[in-house]
1. Checking Leu25 against (1) at pLDDT 95 or above; (2) surrounded by fewer than 13 Cβ atoms within 10 Å (Cβ to Cβ); (3) over 19 Å from Ala134 (Cα atoms), which test does it fail?
2. Hey, can you tell me all the residues within the stretch 117-166 that are among the acidic types (Asp, Glu) and closer than 18 Å to Pro67 by Cα?
3. How do the pairs read when you match residues in the stretch 261-281 that are under 16 Å from Glu63 (Cα atoms) and part of a helix (DSSP H, G or I) with residues anywhere that are at pLDDT below 95 and among the polar types (S, T, N, Q), using Cβ under 6 Å and keeping only pairs 6 or more apart or on different chains?
4. State all residues of the stretch 217-248 that are assigned to a loop (DSSP other than H, G, I, E, B) and of a type outside the set (Gly, Ala, Ser); if no residue qualifies, say none.
5. For the condition under 17 Å from the mean Cα position of the chain (by Cα), of a type outside the set (D, E, K, R), closer than 15 Å to Ala32 by Cβ and at pLDDT below 95, what is the one hit in Ile227, Ile245?
6. So which residues in the stretch 122-143 are buried (at least 17 other Cβ atoms within 10 Å of the Cβ), outside any strand (DSSP E or B) and modelled with pLDDT of 95 or more, if there are any at all?
7. Restricting attention to the stretch 65-109, which residues are closer than 17 Å to Val251 by Cβ, in a loop (DSSP other than H, G, I, E, B) and modelled with pLDDT of 90 or more?
Amino acid sequence: MKENKKTQITNNKTLSKINEKFLELKKSKRLALMPFIMAGDPNIEKTSEILLKLQEKGADLIELGVPYSDPLADGPIIQFSASKALNSGTTSIKVIQLLDSLKDKLHIPIILFTYFNPILNFGLENFCELASKAGVAGLIIPDLPLEEASKFSKIISSYFIDLILLVAPTTPYERMKIISNNTKGFTYLVSVTGVTGERNNMGNRVESLITELKEISINPIAVGFGISSPEHVKKVRKWGADGVIIGSAFVKRISNCNEIEVVNHIGDFCQEMRNAADQKI
């Protein structure tokens, strides 16, 4: 039998940057728009310009990928982008240095999407200390086992960074409750099974999963994987989600555009998604 008791957003007396952003958006009845881009594609300098352009064009939060040679959760578009970024010399420390250089200009929460092995090689506490000083607000580690998440979340939270956990359409209800109770910032709802990538249709279970998650917890819910059009964004908002994450559609446009035009091209697409997120339903 499902419990009606909802868990709190956070046990901390002070809200995180991500919680503050979602509460701000909830008060104004707006859907959080969260683009994903790969750091270092086409190069680290352009990434800096793209981040600022996304902020200018209405992104509420940004998910920034740290390139990795074996990205198991990512589809071919993001894998190709990660390969380009690695070939351009992008490393974890360069990504953190980039964010540190933008601290006075970038005012929206930045969430790093990174696999666990690079963090372990770096040293978890060392990584978190540097990331926190650079203004990182959240971490998504797709290959972190749920059984380890609680232990690592305490360490990560001590540096004022939220560890965000993922729920998939195939996640059993009891496991979904554990994830909802342990995630920080928001719950990342994966809209489809499999890897990231653009899709024409969204998973049929997304609407019911949003409802179930809202029964379990008052944590915000952001939907990602496969979202690529204004119609998808409108549908996610209609279903009651608090945020939408758009990855491969942004990454593909970066890959297909020349370096001279890429910043404005991505800004135009972000504005299109912003307009869709704000459209009345």
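1. The single condition Leu25 does not satisfy is (2).
2. Going residue by residue through the stretch 117-166, those that are among the acidic types (Asp, Glu) are 125, 129, 143, 147-148, 162.
Of everything in the stretch 117-166, just one residue is among the acidic types (Asp, Glu) and closer than 18 Å to Pro67 by Cα, namely Asp143.
3. The qualifying pairs do not exist here.
4. Once the filter is applied, which keeps residues that are assigned to a loop (DSSP other than H, G, I, E, B) and of a type outside the set (Gly, Ala, Ser), the stretch 217-248 yields Ile218, Asn219, Pro220, Phe225, Ile227, Trp239, Asp242.
5. Numbers: Ile245 fails: at pLDDT below 95.
That would be Ile227, the only listed residue that is under 17 Å from the mean Cα position of the chain (by Cα), of a type outside the set (D, E, K, R), closer than 15 Å to Ala32 by Cβ and at pLDDT below 95.
6. Phe127, Cys128, Leu130, Ala131, Ala134, Gly135, Ile141
7. Selection gives Val66, Pro67, Tyr68, Ser88, Thr90.
The values are calculated or read from the model by the stated rules, or taken from the named source; none is laboratory data. All values reported here derive from a predicted model rather than from experimental measurement. Virtual Cβ from ideal backbone geometry, glycine too; neighbours counted across all protein chains shown.
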